[in-house]
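Working notes for the structure below.
The values are calculated or read from the model by the stated rules, or taken from the named source; none is laboratory data. If you're wondering where the values come from, they're calculated on a predicted model, not measured in any experiment. Neighbour counts are summed over all protein chains in view; Cβ atoms, including those assigned to glycine, are modelled from backbone coordinates with ideal geometry. The area values use the complete protein model at the heavy-atom level, side chains included, leaving out ligands, DNA and RNA. Shrake-Rupley method; radii C 1.70, N 1.55, O 1.52, S 1.80 Å.
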Amino acid sequence: KVWAKPWAQLWIKQSYFNVYPFVTGNTVEALSYDYSATIEASFLQPRFLLLLYSQCRKQNRLNLICHFLQCLAEPLKPQYEGGIINNPEFNNGLVGWSIFGHGKIEKRNSKEGNTFAVAHTRYNPYDSFSQKLYMQKEKIYTLSAWIQVSEGKELVSVKVKTRKGYRTAGTVFAESGCWSMLKGGLTVDSSGPAEIYFESNNTRVEIWADNVSLQPFTKEQWRSHQDQSIEKARKGKVKIQVVDSQGKILAGAKVSIRQNSASFPFGSAINKEILTNQAYQNWFTSRFTVTVFVNEMKWYSTENTRGKDDYSVSDAMVKFAKQHDIAVRGHNIFWDDERYQPWWVKSLTTDQLRRAAEHRANSVVIKYAGQLIHWDVVNENLHWSFLEDKLGKNFSAAVFKNTHRLDRKATLFLNEYNTIEESGDAKAAPSVYLQKLREIQSYQGNPAQVIGIGLEGHFRIANIPYMRAGIDTLAATGMPIWLTEVSVDQSPNQVQYLEEILREAHSHPAVQGIVLWTAWHPGKCYKLCLTDNNFRNLPAGDVVDKLIQEWKTHGVGITDSNGIFETSLFHGDYNVTISHPMTNSSSAQSFKVAAAESSQETTLHVQISNI
């Protein structure tokens with residue numbers, strides 16, 4: 001009954017890890033990362049809440065705890081007990097906090113006795129309360145706070161002022177009568193004094209805040225979070241027992257394991273150049289398991305002349321991918337940026353445009369229904385709204401409905417940039433993304449379980465703590481998350497940033513796949529080049545190859561006195577070869593390591609009985 005209420009709120013608390021040990025000097029310390037986030041779920045249908053509950057139960061192997069709550073009348077306790085924030089719960093009034101800007105601040109108490117801070121009589125967006133801190137360059141900071149506004153619903157951001165400027169640490173849609181969780185993060189360019197404060201463009205509203213936390217982590221701690229997450233989310237325990245033909249246990253048997261393929265989808269975009277370049281084909285197919293076409297499936301490519309569809313190039317590319325068992329993402333049905341419409345679209349009347357859009361939506365989906373794993377239904381809809389402006393605000397939601405009707409197998413994605421890349425782009429903040437998702441899901445007939453979260457991942461720098469916090473927030477939906485177009489701007493640190501981004505994405509339990517935006521072109525690549533024109537790896541290509549190998553498992557072991565060899569393997573397909581010094585024969589067997597479906601660790605028993 002609670003799930004069906006219009007104020008129902010979903011809180012997925014992702015307590016994946018208990019301890020991350022690391023060593024500093026002679027002291028062993030431990031500090032966990034809190035993956036928890038809350039999202040308002042009033043837009044979700046009761047049957048979707050039931051679906052999420054089912055998913056939570058299935059994922060208990062990750063110690064994932066799901067709570068369905070009503071709109072929070074009181075905020076939850078601060079993460080990490082507030083970290084380095086002084087008086088994070090405002091239990092001591094405004095001690096440690098001061099006025100920022102020209103507004104007024106005060107302490108208030110709720111009916112339940114909770115204490116919080118209020119900024120009112122505001123004249124500028126930044127008029128609020130602040131706290132002065134000392135931040136360190138080598139530290140990684142994760143931020144959280146509980147926010148409310150006095151009326152309506154407004155974007156509220158947390159900013160950090162340093163000697164080198166201002167940084168946005170996170171943004172949330174806050175509303176009156178309900179505490180919303182803001183989650184973010186940042187690093188600083190140099191050690192020194194800093195000041196954290198709150199901001200909202202609507203100066204008519206009061207900003208309320210409580211249970212603020214700013215927790216620093218060392219790089220070693222952050223990497224340990226990733227390692228522990230990979231062990232839990234990407235690997236399974238395997239037990240191999242070796243016996244002879246009479247069933248006698250064989251100790252000391254040599255166990256050689258080789259991974260044939262990885263389960264985690266990792267790929268790159270391609271273009272039509274691959275169809276006629278054998279070297280490109282060889283290089284690509286030896287590395288990747290999923291792809292997306294840069295331009296060849298877009299509207300301006302398949303219908304360059306109005307009413308004349310030409311899928312010959314995209315057909316050939318789909319065929320190539322199938323021949324090499326490479327999954328294909330459909331990119332895209334519509335791109336809502338006016339600059340990237342077919343040249344003839346801009347001259348159409350509203351009725352003509354509606355008919356043309358209907359033709360496009362039906363034509364491309366019917367053409368490739370059942371052949372693609374995903375559809376990017378609407379591309380970059382948070383930044384651009386050409387078609388919605390022309391055809392109505394429900395246009396995007398209606399296309400989702402139509403796409404699902406025509407292709408029941410594919411997962412449908414809202415594809416967007418800067419949601420996890422740029423903390424300062426409020427148009428695409430995680431809470432804004434969720435707001436758009438609400439609109440799509442609330443449209444009659446849209447089954448929420450087939451809508452995926454597409455994060456393009458066009459990074460300028462590697463803002464890893466903000467990236468993780470953004471994924472945490474989006475992961476609370478329980479929907480599939482992919483990084484769909486990963487690139488990094490050219491800079492002296494480009495390769496380093498690429499490795500940091502890929503490690504963070506692969507290690508986050510909610511991420512289900514990664515696609516690089518690194519299609520080769522004889523002229524030049526987009527931003528990130530993996531190879532030269534002879535398909536010899538460039539430094540970025542070396543990083544990709546290093547991680548591909550790191551995310552696989554090969555090895556040799558020896559069975560113990562019970563004839564057992566145990567290990568932890570990445571999810572995927574394997575061959576194992578068994579030999580023993582006392583025999584003249586060996587035995588080989590194939591097996592698969594998959595994600596566990598229960599709270600028990602994945603365990604695979606392989607019995608070799610023909611030695």
Legend entry - Karplus-derived HN-Hα couplings along segment 537-544 (A = 6.51, B = -1.76, C = 1.60, θ = phi - 60°), whole Hz, x at Gly and Pro: 4, 8, x, 5, x, 5, 4, 4
Inset, instruction - Step through the residues of segment 99-113 one at a time and calculate ³J(HN,Hα) from phi using the Karplus curve (6.51 cos²θ - 1.76 cosθ + 1.60, θ = phi - 60°), rounding each to whole Hz and writing x for Gly and Pro. - result: 6, 10, x, 10, x, 10, 10, 7, 9, 10, 10, 7, 4, 7, x
Inset, instruction - Give the span of the chain's Cα atoms along each principal axis, as three whole-Å numbers ordered largest to smallest. - result: 86, 71, 55
Legend entry - ³J(HN,Hα), Karplus 6.51/-1.76/1.60, whole Hz, each residue of segment 457-466, x for Gly, Pro: x, 8, 8, 8, 10, 9, 8, 5, x, 5
Inset, instruction - Give me the distance in nm between label points sitting 7 Å out from Cα along the Cα-to-Cβ direction at Arg339 and Lys524, one decimal. - result: 1.6 nm
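Does segment 265-536 classify as rounded, prolate or oblate by the C-alpha gyration tensor (a ≥ b ≥ c root eigenvalues; a/c under 1.5 gives rounded; else a/b over b/c gives prolate, otherwise oblate)?
Numbers: a/c = 1.58, a/b = 1.13, b/c = 1.40.
Oblate, because a/c is 1.5 or more while a/b does not exceed b/c.
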Legend entry - Accessible area (Å², 1.4 Å probe, nearest 10) - Leu348: 30 Å²
Legend entry - Separation in nanometres of the label points that stand 7 Å from Cα toward Cβ, at Tyr134 and Ser261: 5.6 nm
Legend entry - Rounded percent of accessible protein surface that carbon and sulfur make up, the chain, 1.4 Å probe: 47 percent
Inset, instruction - At 0.36 nm per residue, minus the direct Cα-Cα distance, what do Ile366 and Asn534 gain on full extension? Give it in nm, one decimal, please. - result: 56.7 nm
Legend entry - √(5λ) per eigenvalue of the Cα gyration tensor, segment 343-466, largest first, Å: 25, 18, 14
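Distance cut-off 23 Å, Cα to Cα: go down the list Lys232/Lys527; Lys137/Lys159; Lys139/Lys436; Lys254/Lys552 and report the pairs above it. Write out the running numbers ahead of the final one.
Details: Lys232/Lys527 33 Å; Lys137/Lys159 17 Å; Lys139/Lys436 33 Å; Lys254/Lys552 20 Å.
Among Lys232/Lys527; Lys137/Lys159; Lys139/Lys436; Lys254/Lys552, the Cα-Cα distance tops 23 Å for Lys232/Lys527; Lys139/Lys436.
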Inset, instruction - Sketch the reach of a paramagnetic label on Asp542 as a point 7 Å from Cα along Cα-to-Cβ, and name the residues of segment 496-516 whose backbone nitrogen lies under 12 Å away. - result: 496
Inset, instruction - List the residues whose amide H sits under 5 Å from the amide H of His580, counting only those 5 or more places along or on another chain, with H placed 1.01 Å from N in the peptide plane. - result: Lys254, Ser585
Legend entry - Long-range HN-HN contacts of Met135 with modeled amide H, under 5 Å: Gly192, Ala194
Legend entry - Pair Glu74, Glu358: separation of 7 Å Cα→Cβ label points (nm): 5.5 nm
